[in-house]
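The values are calculated or read from the model by the stated rules, or taken from the named source; none is laboratory data. Given the structure is predicted, the values throughout are model-derived calculations rather than measurements. Reconstructed Cβ throughout: ideal geometry from the backbone, glycine too, with neighbour counts over all protein chains shown.
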Amino acid sequence: MFTARSAFSAIGRRAFSVSAQQNSKVTVLGAAGGIGQPLSLLLKLNPRVSELALYDIRGGPGVAADISHVNTKSKVTGYDAVPEQLKAALEGADIVLIPAGVPRKPGMTRDDLFKTNASIVRDLAKAAANHAPNAKLLIISNPVNSTVPITAEVFKSKGVYNPKRLFGVTTLDVVRASKFISEIQGTDPANEEVTVIGGHSGVTIVPLLSQSNHPSIDGETREALVKRIQFGGDEVVEAKGGAGSATLSMAFAGSRMADSLLRASYGETGIFEPAFVQSPLYKDDGCEFFSSRIELGPEGVKEIHPVGKVSKYEEGLIATALKDLATNIKKAWHLVPHSFMPLLTPI
């Protein structure tokens, strides 16, 4: 019998499988947006998700009604943009994903995004801190380099911050890296693994090709590949003619990260994903948050692994990344106490 789940399994090799009955509530804040809709659909197809809560400022119930017709077991509920509905969407959540915000358009910088999306993430983070303080929180809203530190400060202000449970989703950078390198080498991207560290924008994205299956890539080929991985989002924005950004691939990356956390939460071991988390790796360089290879466990972050040996070329990339990343984080911290925290209103 052809089912939605069997169709999904045929799409890629990271098909979901469940060895035992698992019950998990997953909440998507921004479920009606360009990322939120395909993300919600992918989560509906995941058998580890037993309850899916979809919230947005408009359209949440409609998206939920549509996705609820997909023939998988999970229960789907849509919520309107009123305080009691947001509370209901969050209560009891094991994982909360936040893709809410405006997409990047041609010519728009991460600073431009910050002006709008920071306040959106701030208010949703406050609601999550109030109603789902123990959930694993996945921040997708850009600029991740700044929205994650803002979320951390909001949780600290409520006395419920746990660095093991806050993640900036950088999985897309690794997904792109494995796909782009496979195109050059003529290989299957499912068999390519490229560690990507740093942040989640432009030059803060550092692919460690020296640690990949193809460390010999060099010269102009290497330069072009690194640039494409760093600025892959621009490629999509331009191709869509300003009508959207990397929504579908980001939804895939977000669903993959959520699934990895669900697997780890039920005791599966040896699960690694990149993520932008509070990290000691480059704290002395002003980067208290950093994306690197993370081992996941039941509580979220189990272990942050060292970057390891890198090439001279990559040392230069890291040095450049740290300067921009430190600025992104500092800006978030500077604005939170002076501009954001006094504006936080009850939700």
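Before moving on, here are some points about what is shown:
- Restricted to helices (runs of 4 or more DSSP H) entirely inside the stretch 197-265, those with at least 1 residues that are assigned by TED's automatic domain parsing to the domain that holds residue 185, more than 19 Å from residue 317 (Cβ to Cβ) and in contact (Cβ under 8 Å) with a residue 40 or more places away in the chain are 232-239, 247-265.
Okay, residues lined up against (1) crowded, with 22+ Cβ neighbours inside 10 Å; (2) over 20 Å from the mean Cα position of the chain (by Cα); (3) within 25 Å of residue 143 (Cβ to Cβ):
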| residue | (1), (2), (3) |
| --- | --- |
| 25 | yes, no, no |
| 72 | no, yes, no |
| 97 | yes, no, yes |
| 102 | no, no, yes |
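- Within the option set 157, 141, 182, being more than 18 Å from the chain's Cα centre (by Cα) and either free of Cβ contacts under 8 Å to residues at least 12 places away in the same chain or within 19 Å of residue 34 (Cα to Cα) (or both) holds for one residue only, 182.
Yes/no per residue for (1) out of contact with any Phe, Trp or Tyr (no Cβ under 8 Å at 6 or more places or on another chain); (2) closer than 22 Å to residue 150 by Cα:
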residue: 227; (1), (2): yes, no
residue: 234; (1), (2): yes, no
residue: 237; (1), (2): yes, no
residue: 246; (1), (2): yes, no
residue: 249; (1), (2): yes, no
residue: 276; (1), (2): no, yes
residue: 281; (1), (2): no, yes
residue: 292; (1), (2): yes, yes
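- Test: residue in the stretch 55-74 that is at negative phi, of a type in the set (Val, Ile, Thr) and in contact with a Pro (Cβ under 8 Å, 6 or more places away or on another chain): yes
- Output for the stretch 58-81, where each listed residue is aliphatic (A, V, I, L, M) and either modelled with pLDDT under 95 or in the same structural domain as residue 254 (by TED's automatic domain parsing) (or both): 81
- Those residues of the stretch 237-251 which are surrounded by fewer than 19 Cβ atoms within 10 Å (Cβ to Cβ) and hydrophobic (A, V, I, L, M, F, W, C), in sequence order: 239, 243, 248
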